[in-house]
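Below is one structure, written out as structure tokens; comments come after it.
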Amino acid sequence: MRKVITFGTFDVFHVGHINILERAAKQGDFLIVGVSSDALNYDKKGRYPIYNEVDRCKIISSLKYVNEVFIEESLEKKKEYILHHKANVLVMGDDWSGRFDWVNDVCEVIYLPRTPSISTTEIIEVVKSQR
Ligand code: C2G
């Protein structure tokens, strides 16, 4: 069985998130998703997500493409997570292009093109501007 792993915050869930998960699932037979913790998101982006980690995990767990979900506590633990879950391939959107090549001694690394013109940040901006 070929196991695929991917990571993300998946805050304010949108079609770009579905597209990457759908395409990631097609790279193998079993999809594992590491959902960034609230604390990790604060470290990465300087703000907490709109939806907390429990709710984000619940949303991701309910998707038909997704077989397993866990909380990602740190970007540096990527190799540990890959080995623990026995993943054969890491899939990320190409905004992360090259950033996780350092795990390529434990699994294949694939970057897929992002869905254009949609992001959580943009959605937040639009909602703010309409208040
Ligand atoms: N994504 C996409 N198209 C978009 C928006 C997002 O393909 N329009 C992809 C990203 O490339 C990423 C995934 O959806 O692979 C999740 O995106 P984010 O929630 O923004 O994840 P991020 O905060 O970048 O966390 O260890 C890696 C990080 O945890 C990734």
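Each reported figure results from applying straightforward, stated rules to the coordinates on display, with no laboratory input. Keep in mind that what you see is a predicted model, and the values were worked out from it rather than measured. Positions of Cβ are generated from backbone atoms using ideal geometry, with glycine treated the same way; all protein chains shown enter the neighbour counts.
Quick notes on this one:
- Averaging the sequence gap over all C-alpha pairs within less than 8 Å and six or more residues apart, then dividing by the number of residues, gives segment 28-131 a relative contact order of 22 percent.
- The alpha carbons of segment 28-72 stretch over 35, 17, 11 Å along the principal axes, in descending order.
- Stretching the chain fully between LEU83 and ILE71 yields a gain of 2.8 nm (0.36 nm per residue, less the alpha carbon separation).
- Cα convex hull, segment 1-41: 53 Å³ per residue, rounded to a whole number.
- Value of [θ]222 nm, deg cm²/dmol, for the chain, DSSP H segments ≥ 4, -39500 (n - 2.57) each, nearest 500: -9500 deg cm²/dmol
- Calculated FRET value between ARG99 and ASN19, using beta carbons and R₀ = 25 Å, to 0.05: 0.80
- For segment 29-131, the Cβ-based charge dipole about the Cα centre amounts to some 360 debye (Lys, Arg positive; Asp, Glu negative; other atoms uncharged).
- Take every DSSP beta bridge whose two residues both sit in the chain; close to 0 percent of them are antiparallel.
- Distance (nanometres) between label positions extended 7 Å along Cα→Cβ at THR115 and LYS26: 1.4 nm
- Cross-link table LYS3/LYS128; LYS3/LYS58; LYS58/LYS128; LYS44/LYS128; LYS77/LYS128; LYS58/LYS86, entries beyond 32 Å C-alpha to C-alpha: LYS3/LYS128; LYS77/LYS128
- Charge tally in the Cβ shell below 15 Å around ASN19, where Lys, Arg are +1 and Asp, Glu are -1, ASN19 excluded: +1
- FRET efficiency, TYR48 to GLU108 (Cβ-Cβ, R0 35 Å, nearest 0.05): 0.60
- Share of alpha-carbon pairs per 5 Å distance bin for segment 54-94, given as whole %: 5, 18, 25, 28, 22, 2
- Across segment 1-81, Cα-Cα distances exceeding 16 Å account for 48% of all pairs.
- Nearest-0.05 FRET efficiency for MET1 and ASP38, computed from C-beta distance (R0 35 Å): 0.65
- Rg/Rg_globular for segment 24-131, with Rg_globular taken as 2.2 N^0.38 Å and Rg from C-alpha atoms: 1.14
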